[in-house]
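The values are calculated or read from the model by the stated rules, or taken from the named source; none is laboratory data. Note that the coordinates shown come from a computational prediction; the quantities given were computed from them, not determined experimentally. Here the Cβ is made from the backbone with ideal geometry for all residues, glycine too, and neighbour counts use every protein chain on show.
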Amino acid sequence: MIDGILRCELFRQLTETHIRRLLEEIPLTKAVFHEGEIIYQEGQVCDSLAIINLGQVDISHLFSSGKEIRLALLEAGDVFGEALLFGDNSKVPITLSAAETTEVYFIHRTSLHNLLMQERLISQNFLTLLSHKIFLLNERVRLLGLDSIRKKVVWYLLQQTEGEAITVPFNREGMARHLAVPRPSLSRELAKLKEDGLIDYQGRQFKLLSRVGLEAELSE
């Protein structure tokens, strides 16, 4: 099964038949990683584009103090390494590990280069991936630069939807790691936001009761 690869942005607008033909022609390396197993260690050289076919991947950074920040959670169809393959520095700046049993396909830099030269649509999709990565990094920098836990929580919730209902991909522990805040502090701020009538929630289900009120929190 290659459901994750078929959903990958790199192959957007290509037919399934076309994608399967390309996968037969491209030298691919498939690897399975179990929960907690390292896929890329910080500082390791990245020479291949990684496409997640099944499972989930944690992206994190460990500071010298021992504090770990979760930067993102990748899912089936997501890719990693696109920003490292053709630059001067190909060392991975973060650590990728399997959040559960995960199947990853690797396309070596040389094979990817040939593919981009041969397939105009895939080349355009690759540029879209790079643009999206830059946007996400900018959003992440803004989140981590906020000066209070309350603002980080509010910013995160507002970014998840333009409507009211949200299903977040994390439990409380995962959400705390993603926001780089202590879990007790996260729970306390969520309770305060609920008490203030700005949100309601149960488990991973959230409802934004007042976007105007939440947005006002960020300007204080």
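Just checking, does the range 149-162 include any residue being under 30 Å from LEU85 (Cα atoms), part of a helix (DSSP H, G or I) and touching a Phe, Trp or Tyr at 6+ places or on another chain (Cβ under 9 Å)?
The answer is yes; a qualifying residue exists.
Given the structure, is ILE149 touching a residue at least 24 places away in the same chain (Cβ under 8 Å) and farther than 23 Å from SER219 by Cβ?
Working: touching a residue at least 24 places away in the same chain (Cβ under 8 Å): yes; farther than 23 Å from SER219 by Cβ: no.
No, not satisfied.
How many residues are of a type in the set (Lys, Arg) and either surrounded by 13 or more Cβ atoms within 10 Å (Cβ to Cβ) or part of a helix (DSSP H, G or I) (or both) when one looks only at the range 91-129? Talk me through it step by step, then tell me what you get.
Quick first cut of the range 91-129, residues of a type in the set (Lys, Arg) only: 91, 109, 120.
Subsequent filtering for residues that are either surrounded by 13 or more Cβ atoms within 10 Å (Cβ to Cβ) or part of a helix (DSSP H, G or I) (or both) retains 109, 120.
Residues in the range 91-129 being of a type in the set (Lys, Arg) and either surrounded by 13 or more Cβ atoms within 10 Å (Cβ to Cβ) or part of a helix (DSSP H, G or I) (or both): 2 in total.
For the subset of the range 55-75 comprising residues that are closer than 16 Å to ARG172 by Cα and of a type in the set (D, E, K, R), which member is surrounded by the most Cβ atoms within 10 Å (Cβ to Cβ)? Write out each step before concluding.
From the range 55-75, those closer than 16 Å to ARG172 by Cα are 58, 68-73; that's our starting set.
Going one step further and asking which of them are of a type in the set (D, E, K, R), we end up with 58, 68, 70.
Values: ASP58: 24, GLU68: 14, ARG70: 20.
Among those that are closer than 16 Å to ARG172 by Cα and of a type in the set (D, E, K, R), it is ASP58.
Within the range 199-220, how many residues turn out to be among the aliphatic types (A, V, I, L, M) and assigned to a loop (DSSP other than H, G, I, E, B)? Step through it out loud before you land on a result.
Going through the range 199-220, the residues among the aliphatic types (A, V, I, L, M) turn out to be 199, 208-209, 212, 214, 216, 218.
From what is left, the residues that are assigned to a loop (DSSP other than H, G, I, E, B) are 209.
Adding up the residues that qualify gives 1.
Condition test on LEU137, is it part of a helix (DSSP H, G or I) and either surrounded by 15 or more Cβ atoms within 10 Å (Cβ to Cβ) or modelled with pLDDT of 85 or more (or both)?
When the stated conditions are applied, LEU137 does not pass them.
Do we have ALA180 as surrounded by 13 or more Cβ atoms within 10 Å (Cβ to Cβ), touching a residue at least 24 places away in the same chain (Cβ under 8 Å) and in contact with a strand residue (DSSP E or B) (Cβ under 7 Å, 6 or more places away or on another chain) here?
In short, yes.
Given the criterion in the same structural domain as GLN160 (by TED's automatic domain parsing), within 24 Å of LEU137 (Cβ to Cβ) and touching a Pro at 6+ places or on another chain (Cβ under 7 Å), identify the matching residue among ALA180, ALA176.
On the way: ALA180 fails: touching a Pro at 6+ places or on another chain (Cβ under 7 Å).
Result of the check over ALA180, ALA176: ALA176.
Give the residue, chosen from ALA72, ALA31, that is outside the structural domain of ALA180 (by TED's automatic domain parsing) and either at pLDDT 95 or above or not small (Gly, Ala, Ser) (or both).
Details: ALA72 fails: either at pLDDT 95 or above or not small (Gly, Ala, Ser) (or both).
Among ALA72, ALA31, only ALA31 is outside the structural domain of ALA180 (by TED's automatic domain parsing) and either at pLDDT 95 or above or not small (Gly, Ala, Ser) (or both).
Please verify whether ILE19 is among the aliphatic types (A, V, I, L, M) and free of Cβ contacts under 8 Å to residues at least 40 places away in the same chain, treating the condition exactly as stated.
Yes.
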